[in-house]
Amino acid sequence: QECSKKQKNDDTQSTSVDALSSNDGVEEKNEFHTLANAKILLSDCLACDNCMTSEEGARVFQQNQKELFRILNLNKKCDTSKHKVLAVSVCPQSLPYFAAKFNLSVNDAAKRLCGFLKTLGVHYVFDTTIAADFSILESQREFVQRYHRRNQEEHALPMFASACPGWIRYAERVLTNLVTSHICTAKSPQQIMGSLVKGYFARQQNLSPDKIFHVIVAPCYDKKLEALREDFYTALYNSQEVDCVLTSGEIVQIMEQKNVSMKDVTAVAVDSLFDEMKEGDVVRHDGKRSDGYLEHIFKHAAKELFGMDVKEITYKALKNKDFQEVTLEKDGETVLRFAAAYGFRNIQNMVLKLKKGKFLYHFVEVLACPGGCLNGKGQAQTEDGKPDKALLNQMEEVYAAIPVRLPETNMHVQKMYQDWLEGVDSKKAQETLHTKYSVVNQTASNLDIKW
């Protein structure tokens with residue numbers, strides 16, 4: 001079935017945006033009259049499977065450049081006691097887009113993006129790699145625990161990655177508990193970054209979480225929906241962990257509106273969450289197109305469960321390049337079988353096999369976008385909405401050249417586990433770094449939706 005809400009959402013929810021924007025003020029309206037409102041359509045992401053409510057649609061539409069500038073303008077006009085501290089966190093998969101688009105090194109792109117955002121009035125610019133460190137470490141631990149429980153607990157394995165909000169949305173709104181019970185409970189890097197900024201950083205700066213306006217720069221539109229989840233909201237402060245998500249392309253729109261090129265911007269070192277430190281060179285995790293959950297969990301599991309040190313991972317492409325598997329052999333037996341499933345068709349096939357009881361994998365890294373996070377619909381698109389293959393190839397080369405840092409070697413993370421989270425296995429660590437996934441308002445009974 002096709003998404004029956006697509007046309008209706010285009011009409012009714014654009015009206016909602018107009019109503020929400022009516023009090024923006026003359027200055028903001030003039031400055032942004034040419035910027036498009038945020039929209040999530042069937043062609044943009046996996047999350048538009050007839051499951052967005054009108055309220056969600058209206059709130060998603062608020063997450064655009066106008067909302068950022070509404071806060072910036074308020075800071076200029078209102079009493080200083082009412083000012084918001086603006087913090088922007090940039091996903092590592094967005095940086096290759098800026099580097100390739102403006103023909104810069106990835107380190108130069110990060111610093112110039114930071115410089116540009118600060119000229120707008122942003123106070124802090126962070127890199128979300130540290131949040132991915134936490135997410136990967138928690139996912140590693142959870143996989144090993146699930147593996148040990150596999151004979152006692154029906155839904156312990158396989159474990160599905162939880163970092164992609166499009167996949168999560170589809171699983172919760174369309175699939176059954178048969179699937180959602182297999183999803184890793186570790187929060188995505190975006191939402192752990194929300195906890196870091198509104199929790200750890202706010203405390204370091206002696207700020208109430210609601211005094212911080214936290215923006216994420218991400219490669220895809222699904223992240224806007226993820227930021228709205230009720231479990232990422234603190235009622236005490238009336239504050240979301242992430243207040244607004246802007247895609248990489250939306251940031252470029254702002255540059256174009258202001259007639260600014262990144263090459264003309266002064267480079268400024270990216271901020272750190274720790275005191276007055278600044279970030280060094282850009283690093284990434286293992287994985288060619290994502291945060292590398294498969295590779296990190298595979299190597300960790302091989303060591304923890306079978307005492308084997310795996311240095312290099314060999315991918316075997318199956319039906320297509322976006323469905324690949326990795327296996328670990330010991331004494332002639334396959335003891336671990338992992339897979340990467342990118343894009344809806346591969347996800348659909350994977351779920352059908354699970355339902356038929358023919359699923360062989362222990363872990364699957366699931367990503368909604370074919371080609372992975374670098375190919376998020378919020379970046380590397382041509383004017384007619386198709387993937388810019390030449391730019392994407394450049395982005396993949398840029399990303400592959402970034403040095404890899406193992407999350408276990410990040411001393412800041414280890415220190416925060418003790419000082420902020422009260423230990424690796426503490427109740428606070430569980431509450432801060434994990435969430436729950438379950439079926440919500442199931443709207444489709446089959447898997448034959450056209451994408």
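The values are calculated or read from the model by the stated rules, or taken from the named source; none is laboratory data. On a predicted model such as this, the values are computed, not experimentally measured, just so you know. Positions of Cβ are backbone-derived with ideal geometry, glycine not excepted, and every protein chain shown enters the neighbour counts. We work out accessible area using only protein heavy atoms, side chains counted, and drop any ligands, DNA or RNA first. Shrake-Rupley method; radii C 1.70, N 1.55, O 1.52, S 1.80 Å.
List the number of the failed condition for Ser89; all other conditions in (1) modelled with pLDDT of 95 or more; (2) surrounded by fewer than 18 Cβ atoms within 10 Å (Cβ to Cβ); (3) hydroxyl-bearing (Ser, Thr, Tyr) hold.
(2)
Looking at region 307-407, what strands (runs of 3 or more DSSP E) fall wholly within it and have at least 1 residues that are more than 18 Å from Cys91 (Cβ to Cβ) and open to solvent by 70 Å² or more (accessible area, probe 1.4 Å)?
Working: elements: 316-320, 323-330, 333-342, 363-367.
Where strands (runs of 3 or more DSSP E) fall fully within region 307-407 and carry at least 1 residues being more than 18 Å from Cys91 (Cβ to Cβ) and open to solvent by 70 Å² or more (accessible area, probe 1.4 Å), they are 316-320, 323-330, 333-342.
Can you go through Lys84, Lys76 and tell me which one is surrounded by fewer than 24 Cβ atoms within 10 Å (Cβ to Cβ), touching a residue at least 60 places away in the same chain (Cβ under 8 Å) and in the same structural domain as Ala202 (by the TED database)? Show your work before the answer.
Working: Lys76 fails: touching a residue at least 60 places away in the same chain (Cβ under 8 Å).
Just one listed residue meets the conditions, Lys84.
How do the pairs read when you match residues in region 158-180 that are in contact (Cβ under 8 Å) with a residue 12 or more places away in the chain and not assigned by the TED database to the domain that holds Glu325 with residues anywhere that are of a type in the set (A, V, I, L, M) and open to solvent by less than 10 Å² (accessible area, probe 1.4 Å), using Cβ under 8 Å and keeping only pairs 6 or more apart or on different chains?
Matching pairs, first to second residue: none at all.
Here's a check for you: in region 203-235, which residue that is of a type in the set (A, V, I, L, M, F, W, C) and not in a strand (DSSP E or B) is surrounded by the most Cβ atoms within 10 Å (Cβ to Cβ)? Before you say what the answer is, go through the steps one by one.
As a first pass, look at region 203-235 and keep what is of a type in the set (A, V, I, L, M, F, W, C): 207, 212-213, 215-218, 220, 225, 227-228, 232, 235.
When the remaining residues are screened for being not in a strand (DSSP E or B), the result is 207, 220, 225, 227-228, 232, 235.
Working: Leu207: 14, Cys220: 31, Leu225: 25, Ala227: 26, Leu228: 17, Phe232: 20, Ala235: 7.
Checked region 203-235; the qualifying residue surrounded by the most Cβ atoms within 10 Å (Cβ to Cβ) is Cys220.
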